[in-house]
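**Student:** Quick one: this structure, given as structure tokens, is what I'll be asking you about.
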Amino acid sequence: MTKFLDKTLFLEDEKATTELATNIAAALENLFGGVNSFSKDNSNESVIVYLLGDLGAGKSFLSRALIQYFLPEQKVKSPTYTLVETYSVEGIAPFAIHHFDLYRLCDPEELEYLAIRDLLAHKSLNLVEWPSKGKGVMPEADLVIELQHLDAGRNVQLSAQSDVGQVIIDSMS
Ligand SMILES: Nc1ncnc2c1ncn2[C@@H]1O[C@H](COP(=O)(O)OP(=O)(O)OP(=O)(O)O)[C@@H](O)[C@H]1O
Ligand SMILES: [Mg+2]
């Protein structure tokens, strides 16, 4: 089995979390539209990012910063009740961002009501908070980002779970 990369960082404050988001988003942008981008044949590819961590660990904060890298003026709503909020990124290589919060999902099968297969059939970045609630229906992650409280800041571990995830970690500065 291929061994994928891990990267661990300490984020001392919100600014460091925002900088991490910028770094990850730039790597994703490269993947979606740049030299390492999906080939034409593969243009429906969706990237799945799991965000793990306790309540208040910073999953939504990081998601908002990732979304606002692509859409700076965008108001980012909490998907807690709607389960998913979708944003469109225009440009030469347009794609959708689906921001999921599955905390209130009772049964993974409920994801079918969100037409999850259709959402993921198109080129998209999928940010998934509480992916454990969608186990079996939500596809496995390309990249797992785990946040933990540490002193007044956060510890973050990035783990690649696929070649795409590895490309993202590799192309981070
Ligand atoms: N590196 C950091 N150091 C200290 N505080 C941070 C850091 N990064 C983010 N925060 C703060 O942590 C809080 C995290 O809240 P957030 O809503 O993102 O948590 P969450 O993981 O989404 O929780 P929930 O599971 O309840 O949705 C925010 O108020 C944010 O300002
Ligand atoms: Mg949240």
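The values are calculated or read from the model by the stated rules, or taken from the named source; none is laboratory data. Worth saying up front: this structure is predicted, and the values here are computed from it rather than measured. A quick note on method: Cβ atoms are made from the backbone with ideal geometry, for glycine too, and the neighbour counts reach across all protein chains shown. Please note that ligands, DNA and RNA were not included when accessible areas were found on the heavy atoms of the full protein model with its side chains. Shrake-Rupley method; radii C 1.70, N 1.55, O 1.52, S 1.80 Å.
**Student:** Per the 1.4 Å probe, what fraction of the accessible area of the stretch 6-170, in percent, lies on carbon and sulfur atoms?
**Tutor:** It is 49 percent, rounded to a whole number.
**Student:** Shifting gears a bit: If the elastic network links every pair of Cα atoms under 10 Å, which of Lys75, Lys133, Lys123 fluctuates the most in the Gaussian network model of the chain?
**Tutor:** Lys75
**Student:** Tally Lys/Arg at +1 and Asp/Glu at -1 over every other residue whose Cβ is under 12 Å from the Cβ of Thr17; what's the total?
**Tutor:** 0
**Student:** Quick one: how many Å² of Ser60 are accessible to a 1.4 Å probe, rounded to 10?
**Tutor:** That residue has around 50 Å² of solvent-accessible surface.
**Student:** Then there's this: Could you order Arg117, Arg64 so the one with the most accessible surface comes first? Probe is 1.4 Å. Intermediate values should be presented prior to the final figure.
**Tutor:** Values: Arg117 160, Arg64 90 Å².
Ranked from most to least accessible, the order is Arg117, Arg64.
**Student:** Heavy atoms only, probe 1.4 angstrom, no DNA, RNA or ligands counted: give me Thr18, Thr80, Thr8 ranked by accessible area, highest first. List each step's numbers first, then the result.
**Tutor:** Details: Thr18 60, Thr80 30, Thr8 85 Å².
Descending order: Thr8, Thr18, Thr80.
**Student:** Roll a 1.4 Å probe over the protein chains and send me the accessible area per residue for the stretch 6-170 in Å².
**Tutor:** On a per-residue basis, the stretch 6-170 sits at 51 Å².
**Student:** If you don't mind, another one. Please compute the modelled spin-label separation between Gln74 and Ser88, points set 7 Å along Cα→Cβ, answer in nm with one decimal.
**Tutor:** 1.3 nm
**Student:** More than 25 Å apart: what percent of Cα pairs in the chain qualify?
**Tutor:** 27 percent
**Student:** A further question follows. For Met172, what accessible surface area do you get with a 1.4 Å probe? Give it in Å², rounded to 10.
**Tutor:** For Met172, solvent-accessible area is about 20 Å².
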